[in-house]
Amino acid sequence: MIGKEQMGLLKQTQDTWEADVEKRGVKERKEQFFTRSKIPVKRVYTPLDLEEAGFDYLKDLNFPGEYPYTRGIEPGMYRENLWLIGQYGGFGSPEETNRRFKYLLSKGITAFTLALDLPTQMGYGSDEPMAEGEVGKTGVAVNSLRDMEIIFGDIPLDSVRLIGTLANAIGPMALSWFMALAEQQKVPPTAFIGFLQNDILKEYVARGAYFLPVPSGLKLSIDVLEHCARNFPNWLPLMVCGYHFRDAGGTAMQELAFTVADALAYIEEMIKRGFRPDDFVHQFQFHFSAHLDLFEESAKFRAFRRIWARVMSERYGSRDPKTLKAKIHLYTAGSTLTAQQPMNNIVRITVAALSAILGGVQFPYLSSMDESFQTPSEEAAQLAIRTQQILAHEVGITDTVDPLGGSYYVEALTNRLEEGVWEYLKKIDSMGGAVKAIEQGFYQSEIAAASYQLQREIERKERIVVGVNEFKVKEEIKLTPLKYDPDAEQKVVARLQSFRKERNNPAVGRALDEVRRAAEANQNVVPSVFEAVKLYATVGEISQVMRDVYGEYVAGKTYF
Amino acid sequence: MFNFPCARWVPRALLRRNATRSNYTVALRDRGAEEQNDEVSGRQEVALVLAERILQGEIRAAARLMRDIDDGFKSAVEELKLLYPHTGNASIIGITGPSGAGKSTLVDQLTALYRRHEKKVGIVAVDPSSTFTGGAILGDRIRMNRHAEDAGVFIRSMATRGNLGGVSRATGDVVNVLDAMGTDVIIIETVGVGQDEIDIARMAHTTVVVMVPGLGDDIQAIKAGILEIGDVFVVNKADRDDADHTVHELTARLEMDPDKDRAWQPKVLKTVASRNIGIEELLGEIEEHGAYLHRSGMIRHLFEEKNARIFLELLKERLFAEVFGHLEVNGRFREIMEEMANRRKDPYSAVEEILAQRFGPLSGGSASESNPPVGARLGEEK
Amino acid sequence: MNRRIRILIAKPGLDGHDRGAKIVARALSEAGMEVIYTGLHQTPERVVSAAVQESVDGIGLSILSGAHMTLIPKVLKLLKDKNSDDIFVFAGGIIPANDILKLKEMGVAEIFTPGAETTDIIDFVHRTVAREIRQ
């Protein structure tokens, strides 16, 4: 690149320039500038910053589609295929969700994530006491396969390319629903990509949708991975999540590091079951947030691809591009949205999405502008789709691959993030890996500290949040409230209870006994759960079997 | 202002002065009018009401008294007087050990087991107060709150409020309230931040010391004090690889104990509290120790020691408060400080003068020479 | 002879987003209060039992799942049933304006929506405790 002599000259020139700038005596807006994740930011970046980091174009960037995939996992990226325009949806009753799904299909979505309510996600039936008030609230209540049949009524599974749900604690049940639906609809499993989040480890840290103790929760996730590795090699049964660490107040560095560490824990478990990483790692996706610090975020996605390729090649000696390429799934960070002046959220979501597309992600999902105070209305959901379409077609960022590549600043950030992740990984390794680190509260304490610091910065106005701590207006929040059936919960409960009487209960009982036997014998539970699901055993019933066998998780020490 | 160190006993004189600053008459949150009066006249009536309600098992009244105790309310003493005859029936178990040993989880599982034996359980869980702000986050309930709805379990979280030694100053009195309510078993969980948490042994009948494998070589570093107070030792999280090593080390350390010929030989047990393993054995051993205390008559000895200590501590506090309160209020304290500063008065004579003024001429020469226990000295006065 | 303020911070229901609850717990403790934290997934019954046993001044409930219109009224009712409605209740989370009005009518002392500052919450607790004592 630049020769030694030129570097010397550059250094001299920069020193003089910096001195001249200082001499002007103009005060900068802040003593010290930082990225959102507390990486110090310099006045200006030059080739010297890359030189200092020992930057080597071919080693550190290379070409798109080439190791270490910093510039993208495919050679042509968005010049060849735009990303799948996906949407997260589902609320109230199965019928309402079916209508919403059809509406979204008519707007041109190519991927769909079914949102489940919390009781379903945590293995409770809609009629259990813990479910009261929660049924149909953050997503749809799915008690049994019958509900899935209604949700996907007149919608063949292959009408979109990617379809799945965020089940984490109930992976075997959710997988069985899609297997059973495909069987009923006679759609071959190769005709669409079924995906699950199925990342239980992060639940114990950030989102709390767990019910079994950590080792048993992990076992169910791995059962799903194993079943898919053997039977559905084109499906994506695991989405390792960093998003939730970030939304819980963590930094970009924590988001990346804990995601890598968790992924390694899943890989180790699969190795214990006799698999090699190249057998199944291509079925992983990674789920991150897109925050508002445009360049740091783009650097984050670039850094992640490089870290992942290096980890897989250095730890496991993988040479298989399918293993080395990290597919990034993304959601614009809900925690950046404000309830105040909600229209401002449209701008925030756009910037976050921009960072993701500049960062070369595969599946961007956009928040709805009204998300911080209600389940998205149809209008807001459409706006989220339109935002993606504008970015795809009108602003030119999809016409060349990795347009930020070579920016001194972005490359310096990419390097710094990678460095920080290696430091974290070393620490987590020394604790004995992700499971131990989580059990000892390491992630939790790191995130809590970052989260509290961020809150303090906002309250001291060291960080401005427009409409919240500055530029406030007196306002009454006027938005189209989502119309949903206020009796939805009662209806779901009533239907569940009458439905229980209609099915073949002796057969359900026998199927549940089989599930219990498999769980007690520590076998893969997916085959027995699949049989029970087909007989319309409910999530609550199957989960109760798991609770009986494995016990329930009680949170450990909490960090503030 | 001189920062008065006693939370429980505030000199009357100080109170009187505070009264002019409006917050002496402490408004209680109970809205019963008669309860809002902390004056002597109303006090007996209040006490009867609250203590009676507690003896009838009213949770809310007990909780309120616990708060009054913790906040150092004078009225609380009157209540405690009435409750005292009803105490002395509960088994008191102390659970101590380093942070991260799983004490709360162990307490949670022990409680579940005691409940299966139909015992009423009280739990006092102590967490540290911040030395800077005085505030605290009390998080032990997280692992025990499944018992919150069980009428047979009463959980109280307390902050140390500046006290060292693993419990707070008010813990003993809070235990008395639970005892008077007819609680069968009272479990005290100490702070566990590596202090010398030996106060617990003076309060509990049976002290369980919880250890955990993998805390490094610190079995070596365990202070001898902790080993001496344990009646039962537990290596929790015993499903870890190095558990046997920890058990072995601990056993070896106990055998080095110079008192090892004592009648009770502490055992080292293994538990995995998170999976409810070893809890029955632990409960068995705690009961075995309880039986030993009664069989050997040690329980009487324990009570005697405890009673003497409580009496002497109270006496010390009260005497100090009585004497010092006057000094502060009438300005004598400041005078003495000034006299000492310019070396006109030595502290020894100053104390003797004050005591003589208060109690008449001292009989036994200079207090600083013989330095008998305060109680003994008072006895001489009578 | 001032009371040390005691506050229970709870997450009733199944919502597991505890970022806000933890920030509030820490901020209140740094303001010198004793904060009892009960962790995730609490039933209203457990929350109220804990509040009574701990004789707190107030209960702070954090709910982001949309179940607030079921869970908060239940907490209020249980407090009344236990003759403990002198314990004030405040809440935080994603709660629409209409529901805020309804909840306040039912007796919730204050509701903090996203963007609320911890200093406001601390002030609110101090004010409310002072008012309770005057009454």
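The values are calculated or read from the model by the stated rules, or taken from the named source; none is laboratory data. Worth saying up front: this structure is predicted, and the values here are computed from it rather than measured. So basically every Cβ, Gly included, is an ideal-geometry build from the backbone, and we count neighbours across all protein chains shown. Please note that ligands, DNA and RNA were not included when accessible areas were found on the heavy atoms of the full protein model with its side chains. Shrake-Rupley method; radii C 1.70, N 1.55, O 1.52, S 1.80 Å.
Residue count for segment C:87-121, restricted to those that are assigned to a helix (DSSP H, G or I), over 17 Å from residue C:9 (Cβ atoms) and touching an Asp or Glu at 6+ places or on another chain (Cβ under 9 Å): 2. When segment A:137-155 is limited to residues that are open to solvent by 10 Å² or more (accessible area, probe 1.4 Å) and under 23 Å from the mean Cα position of the chain (by Cα), the one that is farthest from the other protein chains (Cβ to nearest Cβ) turns out to be A:138. Scanning segment C:39-55 for residues that are assigned to a loop (DSSP other than H, G, I, E, B) and more than 9 Å from chain A (Cβ to nearest Cβ) turns up at least one hit.
The residues on offer are B:80, B:138, B:65, B:110, and the sole one that is within 26 Å of residue B:225 (Cβ to Cβ) and touching an Asp or Glu at 6+ places or on another chain (Cβ under 8 Å) is B:138. Selection of segment C:74-86 for residues being in a helix (DSSP H, G or I) and crowded, with 16+ Cβ neighbours inside 10 Å yields C:74, C:75, C:76, C:78, C:79. Of the strands (runs of 3 or more DSSP E) entirely within segment B:138-216, those holding at least 2 residues that are farther than 27 Å from residue B:79 by Cα occupy B:206-211. One residue is enough: does segment B:86-93 have a residue meeting the conditions farther than 17 Å from residue C:6 by Cα, touching a Gly at 6+ places or on another chain (Cβ under 6 Å) and more than 14 Å from every other protein chain (Cβ to nearest Cβ)? Yes; the residues of segment B:86-93 include at least one that is farther than 17 Å from residue C:6 by Cα, touching a Gly at 6+ places or on another chain (Cβ under 6 Å) and more than 14 Å from every other protein chain (Cβ to nearest Cβ). Determine if segment C:2-18 includes at least one residue that is within 9 Å of chain A (Cβ to nearest Cβ) and either touching a Cys at 6+ places or on another chain (Cβ under 7 Å) or assigned to a helix (DSSP H, G or I) (or both). Within segment C:2-18, none of the residues are within 9 Å of chain A (Cβ to nearest Cβ) and either touching a Cys at 6+ places or on another chain (Cβ under 7 Å) or assigned to a helix (DSSP H, G or I) (or both).
In segment A:156-176 there is no residue matching the filter, namely being touching a strand residue (DSSP E or B) at 6+ places or on another chain (Cβ under 6 Å), within 14 Å of another protein chain (Cβ to nearest Cβ), open to solvent by less than 10 Å² (accessible area, probe 1.4 Å) and of a type outside the set (Asp, Glu).
Restricting the search to segment B:134-153, which residues are in contact with a Ser or Thr (Cβ under 7 Å, 6 or more places away or on another chain) and at the interface with another protein chain (Cβ under 8 Å from one of its Cβ atoms)? Matches in segment B:134-153: B:135, B:136, B:137, B:138, B:139, B:141, B:142, B:143, B:145, B:148, B:149. Restrict the check to segment C:103-122 and report whether at least one residue is of a type in the set (Val, Ile, Thr) and within 30 Å of residue B:152 (Cβ to Cβ). The answer is no; no qualifying residue exists.
Hey, can you tell me all the residues within segment A:184-206 that are open to solvent by 30 Å² or more (accessible area, probe 1.4 Å) and in contact (Cβ under 8 Å) with a residue 12 or more places away in the chain? Across segment A:184-206, the qualifying residues are A:184, A:185, A:189, A:190, A:191, A:193. Within segment A:90-135, the only residue that satisfies the criterion of being under 22 Å from residue C:15 (Cβ atoms), modelled with pLDDT of 90 or more, open to solvent by 10 Å² or more (accessible area, probe 1.4 Å) and more than 13 Å from every other protein chain (Cβ to nearest Cβ) is A:127. With respect to the conditions (1) open to solvent by 20 Å² or more (accessible area, probe 1.4 Å); (2) assigned to a loop (DSSP other than H, G, I, E, B); (3) modelled with pLDDT of 95 or more, residue A:416 falls short on a single one, namely (2).
Screening the candidates C:21, C:31 for the property of being more than 7 Å from every other protein chain (Cβ to nearest Cβ) and touching a residue at least 40 places away in the same chain (Cβ under 8 Å) yields one hit, C:21.
Residue A:465 passes every criterion in (1) within 30 Å of residue C:69 (Cα to Cα); (2) free of Cβ contacts under 8 Å to residues at least 60 places away in the same chain apart from (2). Taken over segment C:104-125, the residue count meeting the criterion of being surrounded by fewer than 21 Cβ atoms within 10 Å (Cβ to Cβ), at negative phi and away from every other protein chain (no Cβ under 13 Å) is 5. When A:28, A:5 are checked against the criterion of being in a helix (DSSP H, G or I), without any contact (Cβ under 8 Å) to a residue 40 or more places away in the chain and farther than 26 Å from residue A:419 by Cα, a single residue qualifies: A:5. Only one of the numbered conditions (1) free of Cβ contacts under 8 Å to residues at least 12 places away in the same chain; (2) buried (at least 17 other Cβ atoms within 10 Å of the Cβ); (3) within 14 Å of chain C (Cβ to nearest Cβ) is violated by residue A:557, and that is (1).
Within segment A:426-456, the set of residues being among the small types (Gly, Ala, Ser) and either modelled with pLDDT of 95 or more or assigned to a helix (DSSP H, G or I) (or both) comprises A:430, A:433, A:434, A:437, A:445, A:448, A:449, A:450, A:451. Looking across segment A:512-552, the residues that are open to solvent by less than 10 Å² (accessible area, probe 1.4 Å), more than 14 Å from every other protein chain (Cβ to nearest Cβ) and touching a residue at least 24 places away in the same chain (Cβ under 8 Å) come down to A:515, A:519, A:525, A:526, A:529, A:532, A:533, A:537, A:538, A:542, A:545, A:546. Total residues in segment A:311-365 satisfying the condition of being of a type in the set (D, E, K, R), outside any loop (DSSP other than H, G, I, E, B) and surrounded by fewer than 18 Cβ atoms within 10 Å (Cβ to Cβ): the figure is 3. Scanning segment B:154-169 for residues that are more than 11 Å from chain C (Cβ to nearest Cβ) and either aromatic (Phe, Trp, Tyr) or touching a helix residue (DSSP H, G or I) at 6+ places or on another chain (Cβ under 7 Å) (or both) yields B:165, B:166, B:167. Consider segment C:29-40 and keep the residues that are modelled with pLDDT of 95 or more and surrounded by 24 or more Cβ atoms within 10 Å (Cβ to Cβ). The one that is farthest from residue A:552 (Cα to Cα) is C:33.
Scanning segment A:370-383 for residues that are within 14 Å of another protein chain (Cβ to nearest Cβ) and open to solvent by 20 Å² or more (accessible area, probe 1.4 Å) yields A:371, A:373, A:374, A:375, A:376.
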